[in-house]
Amino acid sequence: MIEFNHVSKRYSNGHDALTDVSFSLDKGEMAFLTGHSGAGKSTLLKLITALERSTAGDVVIGGYNLSKLKQARASLIRRSIGIIFQEHMLLMNRTVFDNVALPLEIAGFGPHEIKRRVHASLDKVGLLHKEKMLPVVLSGGEQQRVGIARAIVNKPALLIADEPTGNLDPVLSAEIMQLFEEFNRVGVTVLIATHNLLLISAMQNRTFNLTHGRLTIDSDSEDIAA
Amino acid sequence: MTRYSQRHHEQIASKASQPSTNRNRHSRVTFSRRVKTYLAHHKQSMIQSLKQLAQTPIASIITLMVIGIALALPFGLYTILGKLHTVTQGWDTTAQISVFFNPDIPVANAQLTADKLNDDKRVQAVKIIPAQTAWQDLQASMGLVDGNQILPNNPLPTTLIITPRSTLGAQSLEALANELKQIQGVEIAQQDIAWVKRLDAIIELARRATVLLAALLGGAVLFIIGNTIRMTITQHQHEMAVVKLMGATDGYVRRPFLYTGVWFGMGGSLIACLIIGISGYWLAPALLQLFTLYGANSLEAPAAILDMLALLGIGMLLGLIGAWFAANRQLRELRSEG
């Protein structure tokens, strides 16, 4: 599902965010991505979601080589990936329903189908009864769940989460993680960037560690360890 | 887990087990559905952008006024120039050249010259007034029964009234008049060249000034709309970023802003039409007086509606272009920020 072949990313200001990163994540796998802040986690996720392009090496997502993709095509790829952000990235002037419906509207679904899917998605995260509310009146955990509902509404085969529990207390974090596990159980590939080591150790999933832009640990192949 | 989400979950699972994610995913939205949603998004962008303008009425009205005035100036001048055209139609008669023959020359000779001139490409019409006819006309207009009682001989020469083609410039007119003087038997070939030259120069100057003014103010409208859209975009930066993250194409993100630009252009044009209409009403008597002095007899502007429609079209186009540049700039920035 995700394949990195000797990927490097250097920003225009000369900063090397990633250096020679290679790994692959199979369909249906769930993995964590860890590393100190500035280690290149966000850059790696941006490469997967085609928000950035690698300066060297190939990023292949679901069979598509993103390094060779045109901008317009990259938008279409993004529709097949569910993305969850630490700061939720909700539109505060739109209702919960409208926020979750956004990816479907963009993808061009009809109103009937949108309603059906948004309801299913909100039901999954336990927020169906709050569909008409504005995100501001929701708690941090609820806002994050709206973000998750939005990420899964288009039934993506791949879920990417950037510090999804960053602002949440341990109980809420565990709940969110449980949601991810549920998605993974039905075959969704999940990659979660986090620095919450406690959570990772509790879940025993495959873990990648980035240090200064280099992949130093891949718990599946110990030989990478620096 | 409710039955609802169970089903959804199974759908996700079945989806994930399919070999190629993207191709299958997009084929789930049929082509006709996509056309429908594309049109629906146009409609939504149209309404949404209008609502946004209405949310900040004062700022919107100020912007519209500025655009309106900027558009009204060149178009107002253009309208006046259009009315000047009615004067240049009167020019046809004013610019006639009168050729007076020597009284000794027989009418037949004058007729011969007239026939030749009729074949000249520069000449539109030639009217011959034989000396005898001219004399009779003069007597009639003076109320004389028999003019010969006062003057024993007809004092008037045979005259050719030559109407040059209206496409002829002042210089060619002068050349034609000079040629006519060379014809044997012609005593005088006379026309008011200075007047034609003066009018020509004024119209040309006004035309150029209007084009220049239109270009400058058109550019100003572009910048005004571009800048206004840029400010609107700054307020919606977050929204743009989110929509882009959800897989929206540039076109999707740009659309509402393009409509904002078109609305500004359209509203500004309508205000410009209003300004031109009111000023025209106020200036009309003065213009009519001036034009009458130059020999025009009406102030009719035949294509006023068409002019206004053109103004509307140009205004909307300028709005669209200005918004396009502003939105693209923002999209580029989004891309570089990631």
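Read the figures in this text as sums done on the coordinates, not as results from a lab. No experiment lies behind these values; they were computed from the predicted model shown. Positions of Cβ are generated from backbone atoms using ideal geometry, with glycine treated the same way; all protein chains shown enter the neighbour counts.
Give me D for the protein assembly as shown in µm² s⁻¹, whole number, from Stokes-Einstein with Rh from the Kirkwood sum over alpha-carbon pairs, 25 °C and 0.890 mPa s.
Details: Rh = 30.1 Å.
Reported coefficient: 81 µm²/s.
Applying the Karplus parametrisation 6.51 cos²θ - 1.76 cosθ + 1.60 with θ = phi - 60° to the phi angles of region B:212-217, what ³J(HN,Hα) value in whole Hz is obtained for each residue in order, glycine and proline being reported as x?
Listing the rounded values in order: 4, 4, 4, 5, 5, 6 Hz.
Return the FRET efficiency for the residue pair B:Lys116, B:Asn153: r is the Cβ-Cβ distance, R0 is 25 Å, and the value is rounded to the nearest 0.05. It would help to have the intermediate numbers written out before the result.
On the way: r = 28 Å, r/R0 = 1.13.
Taking R0 as 25 Å, the efficiency between B:Lys116 and B:Asn153 is 0.30.
Once you put a point 7 Å from the Cα of A:Arg116 and another 7 Å from the Cα of B:Ser166, both along the Cβ direction, what distance in nm separates them?
With each label placed 7 Å out from Cα toward Cβ, I get 6.8 nm.
Return the inverse of the average 1/r over all pairs of distinct C-alpha atoms in region B:96-191, which is the Kirkwood hydrodynamic radius, in Å to one decimal. Please report the intermediate quantities before stating the final value.
Working: mean 1/r = 0.0707 Å⁻¹.
Taking the inverse mean of 1/r over all distinct Cα pairs, region B:96-191 comes out at 14.1 Å.
Can you give me the distance in nm between label points at B:Gln124 and A:Ala202, each placed 7 Å from the Cα along the Cα-to-Cβ direction?
9.5 nm
Cα axis of helix A:111-124 to longest principal axis of chain A: angle in degrees, 0 to 90, nearest 10?
Tilt relative to chain A: about 70 degrees.
Go through region B:240-252 residue by residue and turn each phi into a ³J(HN,Hα) via Karplus (6.51, -1.76, 1.60, θ = phi - 60°); whole Hz please, and just put x for glycine and proline.
4, 4, 5, 4, 5, 5, 7, x, 6, 6, 4, x, 5
Set the Förster distance to 25 Å, then compute FRET efficiency between B:Glu179 and B:Ile202 from the Cβ-Cβ distance, nearest 0.05.
0.40
Please compute the average number of Cβ atoms from other chains found within 10 Å of each residue's Cβ in peptide A:108-120.
On the way: counts 14, 5, 6, 2, 0, 3, 1, 0, 3, 2, 0, 3, 9.
Mean number of neighbouring Cβ atoms from other chains: 4.
What order do you get for B:313-324, A:7-18 when each peptide is scored by the mean count of other beta carbon atoms within 10 Å, highest first?
Values: B:313-324: 22.1, A:7-18: 15.4.
The densest-packed peptide leads the list: B:313-324, A:7-18.
From other protein chains only, count the Cβ atoms within 10 Å of every residue's Cβ in A:75-88, then give the mean.
Numbers: counts 10, 5, 4, 6, 8, 9, 4, 2, 3, 0, 2, 0, 0, 1.
What the average comes to for A:75-88 is 4.
Measure up A:Lys130/B:Lys51; A:Lys132/B:Lys36; A:Lys130/B:Lys244; A:Lys130/B:Lys43; A:Lys70/B:Lys244 against 19 Å on the Cα-Cα distance and list the ones that go over.
Working: A:Lys130/B:Lys51 26 Å; A:Lys132/B:Lys36 26 Å; A:Lys130/B:Lys244 25 Å; A:Lys130/B:Lys43 28 Å; A:Lys70/B:Lys244 15 Å.
From the list (A:Lys130/B:Lys51; A:Lys132/B:Lys36; A:Lys130/B:Lys244; A:Lys130/B:Lys43; A:Lys70/B:Lys244), the Cα-Cα distance tops 19 Å for A:Lys130/B:Lys51; A:Lys132/B:Lys36; A:Lys130/B:Lys244; A:Lys130/B:Lys43.
Subtract the Cα-Cα distance of B:His238 and B:Leu216 from 0.36 nm times their separation in residues, and report this length gain in nm to one decimal. Could you put the intermediate results ahead of the total?
Details: separation 22, 0.36 × 22 = 7.92 nm, distance 3.44 nm.
Net length gain for the segment: 4.5 nm.
Can you tell me the dipole magnitude for region A:2-224 around its Cα centre, using point charges on the Cβ only (Lys, Arg +1; Asp, Glu -1), in Debye to the nearest 20?
On the way: 24 positive and 24 negative charges, 194 e Å.
Using only the charged Cβ atoms, the result is roughly 940 debye.
Take region A:2-224, drop everything but the C-alpha atoms, weight them equally and run the Debye formula without solvent; then report log10 I(q)/I(0) at 0.09 Å⁻¹ to two decimals.
Log10 of I(q)/I(0), two decimals: -0.36.
Report the extension gain between B:Met142 and B:Ala284 in nm, rounded to one decimal, defined as 0.36 nm multiplied by the number of residues separating them, less their alpha carbon distance. Display every interim value, and only then the final one.
Values: separation 142, 0.36 × 142 = 51.12 nm, distance 3.79 nm.
Full extension of this stretch gives 47.3 nm more.
Per-residue mean of other chain beta-carbon atoms within 10 angstrom of the beta-carbon, peptide B:237-246?
6
Under a point spin-label approximation (7 Å from Cα along Cα-to-Cβ), what is the A:Val136-B:Met65 distance to one decimal in nm?
3.1 nm
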